[in-house]
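Asks: One structure coming up, written as structure tokens, with questions to follow.
A short reminder: the numbers here are calculations on the coordinates, not readings from a lab. Every value quoted in this text rests on a predicted model; they were computed, and no experiment measured them. A quick note on method: Cβ atoms are made from the backbone with ideal geometry, for glycine too, and the neighbour counts reach across all protein chains shown.
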Amino acid sequence: FFFELWGCGPDGTMTSNWKKAGNTKYNAGQFKAAIECYDKALEEQPTDKFLYGNRAQAHFKLNQFEEAIQDSLKSTELDPTFSKGYHRTGNAYLKIGKLEESEEQFRLSVEYGEASALTIAKEVAEFRTDWELAQGLFEQQQMKQCAQRLRKLVAGATHNIAMRRMFVQAATAAKLWDDLVAVLKNAVDDPLFRDDLSQRMSLSSAYYFTAFFEDALHHAQRVLEDDPEHREASHLQHKASEMLKLLAAGKTYMSKKAYQWSYDSFTKALDVEPGAPVIMKYLAACRAVPLMHLEKYDEAIVECNKALEGNRYNWRVKALECRAFCHEVQQHYEAAITDYEKALDLKPSAETQQRLQSLRQLPQKRKDYYEILGVAKDTDLAEIKTAYRRLALKYHPDRIQGEDEEEKAAMKSQFQEISEAYVILSDPAKRSRYDAGESIQSLNEVEQPDPFILFNVVCGVLAEDASLQQKLMYNVKQCCFWSSLCVLGTSTCPCWCPVVFCKSEHKAEPRQ
């Protein structure tokens with residue numbers, strides 16, 4: 001009977017089957033039942049540090065952090081060298097935002113052999129600094145900087161009410177919608193925050209302005225259930241409902257092949273929330289699809305470009321697939337392949353994969369340099385140069401500010417292609433060989449000029465035989481061309497950096 005009731009613990013002590021039962025319940029995710037088993041085990045073995053540690057971890061899983069702290073402290077009281085006990089106590093203190101106590105417990109854990117706790121101790125020390133700075137920023141009404149300081153902290157100190165409220169207020173004021181969703185989506189139903197309508201309202205707004213209209217409507221309705229007179233929730237409920245109504249109409253028209261009506265419905269949705277960046281991108285993606293079906297491929301590509309500019313959301317896959325199809329129809333196969341590949345990275349699709357494979361099996365189409373520059377085949381050199389200047393200015397990578405890396409790379413590729421077209425068509429011998437059907441590869445056997453230097457030469461900034469010193473020592477024409485000049489002597493220029501202005505008259509009369 002004795003050996004049926006008792007077993008051997010990990011440290012060689014005898015412990016009852018209540019501990020084993022508790023461990024089984026814990027591993028099954030039944031934390032309340034596990035705590036009941038550990039209670040029984042502790043009645044029989046009240047000095048077992050492991051039982052206190054296990055019960056502390058079960059309390060932790062139930063977000064019962066005060067109880068977890070009590071049990072963890074008891075485990076280290078029984079054994080002052082119990083490093084895991086200090087580690088558990090540090091985690092629980094962190095969750096409720098007691099940062100000094102948390103850091104101290106992690107350092108004790110390191111002292112008694114838990115090396116991994118050192119990294120967390122340093123992180124908690126950084127949290128303390130962030131919290132002090134965030135409070136100052138909040139008082140100064142620097143809401144964006146305040147929210148950025150708190151973003152990582154509230155992800156760790158999940159159950160500190162003061163920190164959470166400050167973050168929500170700052171992030172809402174700064175319109176950091178993605179951060180709000182990340183922090184609040186799993187927290188608003190926690191008993192500690194369930195009755196805080198302001199946080200649920202902030203989550204509803206965040207969902208709305210990131211184009212998750214159904215989620216926005218759901219949380220606005222939850223607010224109205226508790227406070228039917230809540231004006232902000234009522235207003236957002238109306239807008240989200242109107243947006244969903246127009247989107248549903250547009251999709252219905254699409255299914256019935258009424259593409260113009262579909263486009264009109266999506267266009268009407270723009271008036272519901274004009275000027276909201278993410279919503280504008282989402283509706284641009286929606287509008288592109290009926291335009292594609294109407295065979296207005298150039299217009300569809302414009303809408304797709306709007307949708308994809310700086311877009312990090314997974315729904316951008318629709319814009320990528322649409323733009324890829326438009327490029328495919330226009331026989332811009334390389335661009336189509338690139339977009340199909342990006343779409344597949346975001347969302348695997350048998351249809352997209354099939355279209356991509358079909359394009360890869362096509363013989364490689366020779367680049368049409370006349371089409372790239374937008375000129376006729378009988379165009380003279382002056383018109384070719386004019387077309388090059390116009391397009392090179394439009395697609396110069398250094399004139400793009402605030403784009404994401406993918407779009408910057410695409411613009412750089414286009415800029416290089418424009419330069420390549422100009423090099424061939426501006427050279428009578430190469431142009432003649434190109435018109436005769438010679439391969440692009442053989443035409444480009446000789447090393448091509450740097451597209452940025454070519455830009456400066458064609459636009460009159462540098463002479464064709466300019467030396468390196470001349471390239472570095474720009475005259476004022478360069479800066480007048482860009483309508484800007486650093487009058488302090490040295491600056492960063494869009495075409496060449498650093499730029500050194502060596503003539504004193506540049507400083508005196510920068511626009512002449």
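Asks: With point charges of +1 on the Cβ of Lys and Arg and -1 on the Cβ of Asp and Glu, referenced to the Cα centre of the stretch 116-223, which listed residue (GLN142, LEU192, VAL181) lies farthest in the positive direction of the dipole?
Replies: Of GLN142, LEU192, VAL181, it is GLN142.
Asks: Using the beta-carbon distance between ALA429 and ALA155 and R0 = 60 Å, what value does 1/(1 + (r/R0)^6) give for FRET efficiency, to the nearest 0.05?
Replies: With a Förster radius of 60 Å, E is 0.40.
Asks: By count of other Cβ within 10 Å, fewest leading, how are TRP177, TRP131 ordered?
Replies: Exposure proxy ranking, most exposed first: TRP131, TRP177.
Asks: State the dimensionless ratio Rg/Rh of the stretch 2-206 (Rg: radius of gyration of Cα atoms; Rh: Kirkwood radius).
Replies: Reported Rg/Rh (Cα atoms, Kirkwood Rh): 1.07.
Asks: Let me ask another. ALA376 to ASP178: FRET efficiency via 1/(1 + (r/R0)^6), r the Cβ-Cβ distance, R0 35 Å, to the nearest 0.05?
Replies: Approximately 0.15, to the nearest 0.05.
Asks: Also, quick follow-up: Sort ARG55, ARG231 so that the residue with the fewest other Cβ atoms within 10 Å of its own Cβ comes first and the one with the most comes last.
Replies: Arranged by neighbour count, lowest to highest, ARG55, ARG231 become ARG231, ARG55.
Asks: Quick one: net charge around GLY250, please, counting Lys, Arg +1 and Asp, Glu -1 for every other residue with C-beta under 9 Å from its C-beta.
Replies: Neighbourhood net charge equals +2.
Asks: Given the stretch 91-134, what whole percent of its Cα pairs are spread farther than 17 Å?
Replies: 25
Asks: Enumerate the calculated ³J(HN,Hα) couplings along the stretch 132-141 in order (Karplus 6.51 cos²θ - 1.76 cosθ + 1.60, θ = phi - 60°), each rounded to whole Hz, writing x wherever the residue is Gly or Pro.
Replies: 5, 5, 4, 5, x, 5, 5, 5, 7, 6
Asks: Here is a further query. Here is the link list: LYS257/LYS281; LYS385/LYS408; LYS342/LYS385; LYS61/LYS152; LYS40/LYS61. Which ones come out longer than 26 Å on Cα distance?
Replies: LYS342/LYS385
Asks: Mind listing the phi-derived Karplus ³J(HN,Hα) values for the stretch 417-425, rounded to whole Hz, using 6.51, -1.76 and 1.60 with θ = phi - 60°, and x for any glycine or proline?
Replies: Computed from phi, the couplings for the stretch 417-425 are 5, 4, 5, 4, 5, 5, 4, 6, 6 Hz.
Asks: Rounded to whole Hz and in sequence order, give me ³J(HN,Hα) for the stretch 95-109 from the Karplus expression 6.51 cos²θ - 1.76 cosθ + 1.60, θ = phi - 60°, writing x for Gly and Pro.
Replies: 4, 9, x, 8, 6, 4, 5, 5, 4, 4, 5, 5, 5, 5, 4
Asks: Now a separate question. From the Cα gyration tensor of the stretch 231-359, with a ≥ b ≥ c the square roots of its eigenvalues, which class applies: rounded if a/c is under 1.5, or else prolate if a/b is larger than b/c, or else oblate?
Replies: Prolate, because a/c is 1.5 or more and a/b exceeds b/c.
Asks: Determine the gain in length on full extension of the stretch ALA409-GLU351; use 0.36 nm per residue of separation and subtract their C-alpha separation, reporting nm with one decimal.
Replies: Extra length available between ALA409 and GLU351 comes to 18.2 nm.
Asks: Based on the Cβ-Cβ distance from ALA33 to LEU192, what FRET efficiency comes out when R0 is 25 Å, to the nearest 0.05?
Replies: 0.60
Asks: Now a separate question. Using a basic spin-label model with each label point 7 Å from the Cα along Cα→Cβ, how many nm lie between HIS238 and ALA115?
Replies: So the label points at HIS238 and ALA115 sit 6.3 nm apart.
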